[in-house]
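What follows is one structure encoded as structure tokens, with my remarks underneath.
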Amino acid sequence: MSAAPSFVAQLGIAALLGGLGGGVCLALGYGDVVSGPLAGGGGGLLFAWLLRGRPIDAGEGLIWGLAFAFLWWLALPAGLLAAWSAGANACELSTVRALVPLLIGYLVCVGAPLGLGMGVWSSWRRTGPRDAFHLPRALVVGGLAGLAGSRVFATVGETMLSPLPGGDTSRLLQHLLAAAVIGAVYGLLFQRAVRGLGSCMGWGLAYGMLWWCLGPMTAVPLLRGGAIEWSVERAADAYGLLVAHVFFGLLLGLLYEAVDRVWQALFVESDPLHREPEGIGTRFTLALLWGAVAGIVGGLVFSLPMLDTGILPYVASLAGGSGEGLGFVVHLAISTSIGMLYGALFARQTPDLGIAVGWGLLYGLIWWYLGQLTLFPHLLGEPFDWSILGASTALPSLVGHLAYGATTAGVFVAFELWYGRRRAVDPRYRARVARAGRRGGSPAAALWVFALGLGVLLPIVLG
Amino acid sequence: MHRFLRRALLGALSGLLASPILSLTVGRDTGPVPALLLAVVVAGALALPRRPAGRPRPELLMEVAALGVPLWALVDVVAVPLLAGDPPRWTAAAMRDAFPALAGWMLFQAAVGLLLHLADDLVTRWIAPEFVPVPPPRPRAQRIVILGGGFAGVSSAEHLEHRFGASAEVELTLVSETNAMLFTPMLAEVAASSLEAAHITSPLRTGLKRTEVVRGRVVGVDLDRKIVSVQMAVGEQRQLAYDQVVFALGAVSNYLGMAGVERHAFDFKSIADAIAIRNHVIDCFERADGEQDPVERRRLVTFVVAGGGFAGAELAGGLNDFTRGMLAFYPNVPRDELQVLLVHGGERILNELSEPLALHAQQRMTERGVTFRLKTRLKDATADRVVLSDGEVATRTVVWTAGTAPNPLLRALGVEVDKRGAVLTDATMRVKGRTDEWALGDAASIPNAATGKTCPPTAQFAIREAAQLARNLQATVRGGALRPFRFAPLGALCVVGHHTACAEIKGLRFSGLLAWVMWRGIYLSKLPSLERKVRVVVDWTIELFFPRDIVQTIELAPRTGSNR
């Protein structure tokens, strides 16, 4: 089949998938003909045109599809259509609140199937060389990571699919089975895409958010024997489960990468042939050092909103004091530690400033969930609050966390680029950089849009 | 059109086209005109760093869209309120008020990403592609060949790498007989089994980044044709053409014509020499332990070091510590039969130090068991004795440290040499009468502009000379002015036994434990590469808890028929 008919077929399939997804939304009572099947079909066409000629697999397609669906929903139903048909201002909070059900519909019925479908189509049509894929590794490693990560749901006192039919043991088994399956699917989808502990967290975060849409918002009501309920109220009620899914995703991503490395060492390649000019200890030490400096700079930027909002005395209470000065010192110590962790997780994964800022923003968002919503109250001896009320209260620090992440990542990549320029005289170093470079077509940028968009939008809109 | 102007214009155009999104959302707070200006400026700035079509279309769209979040925080949460004289909108309620701007920024950015790519594609197709300046053709790289892998040669290569960075102006080559640089100040500790041999040698290929390392022996230099002939470690000779050549060939032992000494004495210049001495000393103890004849036993455990300079004194001190420590494991060797004898022609050892300090060192070494024969010269050596100017000593071990001479190849170059055989240079280290030949280290006779005297052949001077030589070579390649070598020596350090050393730094004298700590600290800092430093510190730490190793491990005899 020549390239042109293939693209036409691709357009047709994409339009069909998008239109069908929009139609499902309409059938479920969300949206109308324009914002449902028509917008879905149009979105499918645009999506296929955007990804024209790009070889993707199902996992990459899924991430592209979710990000595209999010932006498409923001642009059409929440933007243009709202302004045109309802006479409301574009993207007004009240309009967007009312359209949250359609957002979930777009993600579940349009973005995910469209992305997966195009990914499967592209994989099927692909003829050139591609990265190796190991099915047993994906299933076993992903399943194990999913099982281990599912423990996070114990902290919110719910199983992922509760309440399910049957007794406690039966529900627990179903819960574990679901977690293992979700983990295995993660392995199937993202084995080729993920590399490095840092980006694994990003993939896990997005995957967790998707499963919040698929699980508590969609599948659980059906399993209860009821109807799908994508209402704002239900989304607000389930916000705690969103945070739980985020942590599940983060753990899943981290554990997957960790177990995958063990798997590779045991069964694939225990002694990599690509030797490095420096030892692993040197690289790790440098990453920690640069991360520490970057974390301090990020902490200084973050301290501006903290000073303005008067939260530093609360931070000081972590060290048993109450003064702003002590709070500032504690804050900088925490910033330094988290910066070092950034260095350890993201070393050599961000080749330029734009990509570094993208991952940095995501890192900041992760620490908003982990630090502000969870660890901070926990360390103060208070119960942490993952509800939408708690998230709403913690909103002022979200901007600070994002600024911290972006600044830390920016400073860190500046160190890496400086070091790279210094070492560029060494042909072995240049060869290593070439090897480590992420191949073209990475959906990392789409991942940032989806995770950041949903992560920032939901606590604002649902609160 | 200049590429940055083109990018800025394309960005501004994309921003203008996408500006209605910003006007409808952000513009509610700022007004339409500031929103329009903001759109043009932000999109123009976004387009500047790289060609828009350099990123794939969907990636650019998403990457730029993700940046909408921090732009919203920066502009709508912080900047706009501050410009209006209000505090930033950190509160949840205020952020909800600013929500349309968040959506607006993300959509605006996504649209800019898409439009930028399209605009770049269209302009490239219909008008012209982005102008990429063609770099002017580079002149042929200057080939700088450094002969010698010691302190002088390796330091020169390192300084040249640092000065030229990744520049293609030069090609650097270093010719060395070994594939590692020996850190000679710690050589006595290897012979005395205090340090592992490999730990004081740095592999040239890991230390040097862009210098081609050629392992081989320089057998000739044709100064007229500018070609160096190298006998490779394996195989045929190789001819290396050069534009600039640096002679850093170091020195060799000078036996002053004494054939018996040359035949029977151990040399003390290389790592192989130190390993051989250590193994021989252990072997002597093994044989002495089973020896019934007291005369032969005493002969076996009598160790003669010829030469009372730094090398001889440090080796004698180290061997004294090592052998006296070994007595515990060889119960059949009487303590009073062990002798470490230092033979020196001068009235005192360590001429480089002031007299009181040298005498102090001698006294400390005597107290620790070293025997001195001063104003005495070694005249001959056989397999079982040495002949001194004032008698004979029965021994099976003699180590020669009493004389060195510059590499004999230098005399064959046809350039001016001094009476030692070192190449005469001017103050800039350029070989006298030549323009493209340079010399430094033990192989050169360099006038020191700071003192007016000739630089001594020490590592301290060689390292400083290398820095200046690299500067002058850079000036030569780039057409700058040459500068004379100028250096005031810092002082000298000598370790004469465990926890015992003497030092003279900038006129201040130190001895004992403090000097020993200074010796270790200073030389550890000079040891190349962190990895080697860590290995040496580990060795020293092990020595604190365990006795020195007396295992004979190295097979020194070459294998018959092997291809080594």
Candidate lysines - alpha carbon under 25 Å from residue B:419, same-chain residues fewer than 8 apart omitted | B:269, B:375, B:379, B:432, B:453
Which one of A:152, A:138, A:182 has its Cα pushed farthest toward the positive end of the charge dipole of segment A:135-268, where Lys and Arg give +1 and Asp and Glu give -1 at the Cβ?
-> A:138
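Just need the relative contact order of segment B:256-350 here, percent rounded to a whole number, with Cα pairs under 8 Å and 6+ apart. Each step should come with its number before you reach the end.
Details: 88 pairs, mean separation 28.6, N = 95.
Contact order relative to length: 30 percent.
Can you list the trypsin sites (Lys or Arg not before Pro) in segment B:264-364 that are in a DSSP coil and have 16 or fewer other beta carbons within 10 angstrom?
Those that pass, being in a loop and sparsely packed, are B:348.
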Between segment B:456-514 and segment B:102-150, what is the C-alpha centre distance in whole Å?
-> 46
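Based on other C-beta atoms within 10 Å, arrange A:384, B:4, B:546, B:151 from fewest to most.
On the way: A:384 19, B:4 12, B:546 8, B:151 28.
Ascending Cβ contact count within 10 Å gives the list B:546, B:4, A:384, B:151.
Contour minus end-to-end for residue A:268 and residue A:227, with contour as 0.36 nm per residue of separation and end-to-end as the Cα-Cα distance?
On the way: separation 41, 0.36 × 41 = 14.76 nm, distance 4.64 nm.
Gain on stretching residue A:268 to residue A:227: 10.1 nm.
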Distance between modelled label sites at residue B:206 and residue A:6, nm, 7 Å Cα→Cβ extension = 4.8
Per residue of chain A, what 222 nm ellipticity follows from adding -39500 (n - 2.57) for every DSSP H run with n ≥ 4, rounded to the nearest 500?
-> -22000 deg cm²/dmol
Estimated inter-spin distance, residue A:288 and residue B:233, nm [label 7 Å along Cα→Cβ] = 3.5
Report ³J(HN,Hα) in whole Hz for each residue of segment B:392-401, in order, from the Karplus equation J = 6.51 cos²θ - 1.76 cosθ + 1.60 where θ = phi - 60°; Gly and Pro get x.
-> 10, 10, 7, 7, 10, 9, 9, 10, 9, 10
Can you pull the semi-axes for segment B:3-126, root of five times each eigenvalue of the Cα gyration tensor, sorted largest first, whole Å?
-> 28, 13, 11
Remind me, relative contact order of chain B in percent, using alpha carbon pairs under 8 angstrom and six or more residues apart?
-> 13
Residue A:387-residue B:9 FRET efficiency (beta carbon distance; Förster radius 41 Å; 0.05 resolution) = 0.25
List the extent of the Cα atoms of chain B along each of their three principal axes, largest first, rounded to whole Å.
-> 107, 61, 54
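What FRET efficiency comes out for the pair residue B:540/residue B:16, r = Cβ-Cβ distance, R0 = 56 Å, nearest 0.05? Walk me through the numbers before you get to the answer.
Details: r = 69 Å, r/R0 = 1.24.
So, using R0 = 56 Å, E works out to roughly 0.20.
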For residue B:241 and residue B:2, FRET efficiency with R0 = 35 Å and r from the beta-carbon atoms, rounded to 0.05?
-> 0.25
Round to a whole angstrom and tell me the spacing of the C-alpha centers of segment B:24-73 and segment B:181-231.
-> 57
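Taking the Cβ of each residue in A:220, B:537, A:293 as the centre, tally the other Cβ atoms inside 10 Å and list the residues starting with the fewest. Please list the in-between numbers first.
Numbers: A:220 21, B:537 14, A:293 18.
Fewest to most other Cβ atoms nearby, the residues stand as B:537, A:293, A:220.
Using Cα pairs closer than 8 Å and at least 6 residues apart in sequence, work out the relative contact order for segment B:3-126, in percent. Write out the running numbers ahead of the final one.
Values: 163 pairs, mean separation 44.0, N = 124.
Relative contact order comes out at 35 percent.
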Once the in-chain neighbours fewer than 8 apart are removed, the aspartates and glutamates whose Cα is under 19 Å from residue B:506 read B:352, B:355
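Order these by the 10 Å Cβ neighbour count, fewest first: B:124, B:30. Before the final figure, lay out each step's value.
On the way: B:124 14, B:30 21.
Fewest to most other Cβ atoms nearby, the residues stand as B:124, B:30.
Which whole DSSP H helices in chain A pass both tests: a Cα extent of 18 Å or more along the axis and a mean Kyte-Doolittle value no lower than 1.0? Don't skip to the end; give the middle numbers.
Working: long enough: A:3-27 (35 Å, 1.59); A:58-75 (25 Å, 1.39); A:112-125 (19 Å, 0.34); A:135-149 (20 Å, 1.42); A:168-190 (32 Å, 1.19); A:197-214 (25 Å, 1.08); A:239-263 (35 Å, 1.33); A:280-309 (42 Å, 1.40); A:324-346 (32 Å, 1.38); A:353-367 (20 Å, 1.70); A:396-423 (41 Å, 0.27); A:444-462 (26 Å, 2.45).
Passing helices, by number: A:3-27, A:58-75, A:135-149, A:168-190, A:197-214, A:239-263, A:280-309, A:324-346, A:353-367, A:444-462.
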Between the modelled labels at residue B:529 and residue B:168 (7 Å from Cα along Cα→Cβ) the distance in nm is 3.0
Spatially proximal aspartates and glutamates relative to residue B:209 (Cα-Cα < 15 Å; intrachain offsets below 8 disregarded) = A:276, A:278, A:426, B:158, B:161, B:171
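Computed from the coordinates by the stated procedures, all read-outs in this text should not be read as laboratory data. Only a predicted model underlies this, so the values are computations on that prediction, with no experimental measurement involved. Please note: Cβ atoms are built from the backbone with ideal geometry, for glycine as well, and neighbour counts cover all protein chains shown.
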